[in-house]
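A short write-up of the structure that comes next.
The values are calculated or read from the model by the stated rules, or taken from the named source; none is laboratory data. Please read these numbers as outputs of a predicted model, since none were measured by experiment. A quick note on method: Cβ atoms are made from the backbone with ideal geometry, for glycine too, and the neighbour counts reach across all protein chains shown.
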């Protein structure tokens, strides 16, 4: 497996008997590209994996205060290899990947959505999301404290419900300190995107083959959300990881890797 964690290098074309698949990984809110480390060794060896960075993470320029998901998509495409790739996105990264697949389907071969909701924040016509009061509480905590404290709280929230939640929290926090931490502005913009982005139309209209992988103990993306996404798009494949929470690629990396190997091949 070839791996890029910066702007994609120029790869030599493989020999005819060395078919490859370009795969782009997009992390979520708060924790940058280093969270993928446990999954990477399990991915197929012939894949060319590109670990991309959302704006404000891993040295990428900070997002504008009024950034939207299209701005996130533009930043990701600037790092991605040319042409079509398979995409794996987690949480906010999954929402950005879904937006990309909707707006520019010619750049997406196949799509895997990990712990991703079509609408992260609950609404009267979409109760299968995080209550608005909880999103506001995270935003308020971010404003009154520093970044490490806010990420400590969010790591604990992500880990809740899944197997060995304390170990998951430790992994998230340990990886959160590998490389530069996102700024408060970056976190604020990302949280705002989670609060207001509505991808139900994108989910319904997805053209590339897509699979949603969800944990049955996810405290942020309930299974009712996955059921609703399946109603929006009956073509969407669903895989439920038993005993998994929001960070299912940490607790169930083999399940995620096997699903990716099976579903993301062209």
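Results, tabulated for the structure shown:
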{"quantity": "Single residue of 256, 168 found to be at pLDDT below 95, in a helix (DSSP H, G or I), surrounded by 21 or more Cβ atoms within 10 Å (Cβ to Cβ) and touching a helix residue (DSSP H, G or I) at 6+ places or on another chain (Cβ under 6 Å)", "calculated": "168"}
{"quantity": "Per-region count, the range 231-266, residues in contact with a strand residue (DSSP E or B) (Cβ under 7 Å, 6 or more places away or on another chain), touching a residue at least 60 places away in the same chain (Cβ under 8 Å) and more than 27 Å from residue 133 (Cα to Cα)", "calculated": "8"}
{"quantity": "Failed condition for residue 142, given (1) crowded, with 19+ Cβ neighbours inside 10 Å; (2) on the phi > 0 side of the Ramachandran plot", "calculated": "(2)"}
{"quantity": "All positions within the range 187-230 that are within 27 Å of residue 106 (Cβ to Cβ), in a helix (DSSP H, G or I) and out of contact with any strand residue (DSSP E or B) (no Cβ under 9 Å at 6 or more places or on another chain)", "calculated": "190, 193, 201, 202, 204, 205"}
{"quantity": "Enumeration of residues in the range 63-79 that are in contact with a helix residue (DSSP H, G or I) (Cβ under 8 Å, 6 or more places away or on another chain) and either part of a helix (DSSP H, G or I) or under 14 Å from residue 29 (Cβ atoms) (or both)", "calculated": "63, 67, 69, 70, 72, 73, 76, 77"}
{"quantity": "Within the range 222-245, considering residues that are surrounded by 24 or more Cβ atoms within 10 Å (Cβ to Cβ) and at pLDDT below 95, the one farthest from residue 154 (Cα to Cα)", "calculated": "244"}
